[in-house]
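The values are calculated or read from the model by the stated rules, or taken from the named source; none is laboratory data. Because the structure is predicted, anything quoted here is derived from the model rather than measured. Heads up, the Cβs are rebuilt from the backbone with ideal geometry, glycines too, and the neighbour counts pull from every protein chain shown. The accessibility values were calculated without ligands, DNA or RNA, using every heavy atom of the protein model including side chains. Shrake-Rupley method; radii C 1.70, N 1.55, O 1.52, S 1.80 Å.
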Amino acid sequence: MSDTLKQHTKRDASNPIIDLSNQVGAEIKAGLQKENANLSPKFLYDTLGSVLFEAICELPEYYPTRTEAEIFLRYLPEMARRIGTGATLIDLGAGNCAKAAKLFPLLHPEQYVPIDISAEHMRDYVKRLQERFPHIEMTPLELDFSVQWQLPEEVRASKRVFFYPGSSIGNFDPDQALVFLRQMRAACGEDGGILIGVDLIKELGLLNAAYDDALGVTAAFNLNMLRHVNRIIGADFDVRAWSHKAFFNPTLSRIEMHLEARTDVIVRWPGGMRHFKQGEGIHTENSYKYSVEKMTQFLKTAGFGNARAWSDEKNWFAVIYAEAV
Ligand code: AVJ
C-alpha cells in the first residue's frame, strides 16, 4: 500500500485532494482507459463506503456475515481444540477486531496481530481490547497485505495462525488467491495454520439477491466508488448517470459487480477522459464462490493440509482450519 492511498482512504468527502502524480491515481486512470474498464474493489472503502459495507452486513439478503458468525458461535470450542492455545493470531483485514475478539476466550492466543490498510481506527479498538484481555500481547500493523508484505520482528515466530474471515479471499482471482495463500504459508512456519472463511456456491437467486438487495444498499456501496474516484483523481463522474449491476457468473463461479452507464457519458479528469456508451460498464468487484472441496484443494496446493471444515446447516458458508504441512 502506498502512502498516497492510505491518505486517500482516510480522507473524507469534505476534504478533496487531487494528486496527479500518485501511483493510485495512475492505477485508476489505467483501469478507466482499458477497453473493458475496471476499478479495484479496494476503492469501495472510503469512509462512507465502509459504513455502507457495515449496513450490507445487516441486510437480510446478505447471508455471509451472519452465517459465518453462526458457525463460529457453534463450533468455536471444536475449532479451539483443533487449533490449540498459545497461537500468534494474525488477523488480515482486522477492522474493528470484533471477529477475532470472539475467538480469544477459547483460543487464548499469546499474541494478537491485527493488520489493516488503515490502522487509525484499529489502534483505538486494540486499546480497548487490550483492557479486556491484558494477557494477550497485541501488535497492530498498518500494511496492505494484498501487495507484497513481510511480518516485522515483533511478530512471534511460533505457531502463527492466519485468520482470514468474511470470504475476503473471494475478491482475488483464483491464481492470485493461490499466490496469497502461498505467501501466508511461507510466513507461518512449520507449526502454523490458517483459519479462513469461505462463501460457498449456492442457488443463483440467493447469490444474486445478496449482491443486489431490495433496499439498494449494495447499489449505493458500488456507486459510491465513483465519488471516491472523483476525489482521488479529480474526475467528474456523475453518480446519477450510472447504475449498479451484480450477477453470478456460473462459468467463473463468481459474483461480478459492475457500474453501467445509463446513457452515453463522457468522464473527464485532469489530463484525460473516457467516453462510455450507454450500457457500457466498469467492472468493480469479483466475489468468487467455492466448494469446500475446491478450497481444501487450493489450501493443499499452497501447503496447508489436514483441513477441517465447519459449515452451517444450509451449507451456505464454511470456516476451514488447515495446518502448515
Ligand atoms: C468483503 C469482499 C467479502 O464479496 O461479499 C459485499 C464485499 N461486495 N457486497 C463480498 C461485498 C458487495 C464482500 N467481501
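In the chain, what percent of the accessible surface is made up of carbon and sulfur (1.4 Å probe, ligands and nucleic acids excluded)? Intermediate results must be reported in sequence, preceding the final value.
Values: 7800 of 15050 Å².
Carbon with sulfur: 52 percent of the solvent-accessible area.
By the combined test of axial Cα extent (at least 18 Å) and Kyte-Doolittle hydropathy (mean at least -1.0), the qualifying DSSP H helices of the chain come to 63-83, 174-188, 217-233. If the chain linking Asp264 and Leu206 were pulled fully straight, counting 0.36 nm for each residue of separation and taking away their Cα-Cα distance, it would gain 17.7 nm.
Measuring gaps between exposed loop sites in the chain (GluC sites (Glu not before Pro); DSSP loop; at most 15 other Cβ atoms within 10 Å), the longest gap, sites not included, is 204-312. When both region 212-241 and region 100-144 are represented by their alpha-carbon centers, they are found 32 Å apart. With a Förster radius of 35 Å applied to the beta-carbon distance between Gln183 and Val51, the computed FRET efficiency rounds to 0.70.
Backbone amide hydrogens, once placed in the peptide plane, bring Phe247 within less than 5 Å of Glu256, excluding anything fewer than 5 places away on its chain. Which longest uninterrupted range of the chain lacks any trypsin sites (Lys or Arg not before Pro) assigned by DSSP to a loop state (not H, G, I, E or B) and surrounded by at most 14 other Cβ atoms within 10 Å? In short, 103-261.
Taking 16 Å as the straight-line reach from the Cα of Lys314, the lysines in range (excluding those fewer than 8 positions away in the same chain) are Lys202, Lys289. Per residue, the accessible area of the chain comes to 46 Å² when a 1.4 Å probe rolls over the protein heavy atoms. Overall, region 174-253 carries a charge dipole of about 220 debye about its Cα centre when +1 sits on the Cβ of Lys and Arg and -1 on the Cβ of Asp and Glu, all other atoms neutral. What is the sum of charges around Glu61, taking Lys and Arg as +1, Asp and Glu as -1, for the other residues whose C-beta is under 9 Å from the C-beta of Glu61? Neighbour charge sum, excluding Glu61 itself: -2. Geometric descriptor of region 85-168, per residue, is 88 Å³ (volume of the convex hull of the Cα atoms).
Dipole of the chain, Cα-centred, from +1 at each Lys and Arg C-beta and -1 at each Asp and Glu C-beta, to the nearest 20 debye?
On the way: 36 positive and 42 negative charges, 32 e Å.
Charge dipole, the chain, about its Cα centre: 160 debye, nearest 20.
Calculated from the alpha-carbon coordinates, region 130-238 shows an Rg and a Dmax of 18.8, 52 Å respectively.
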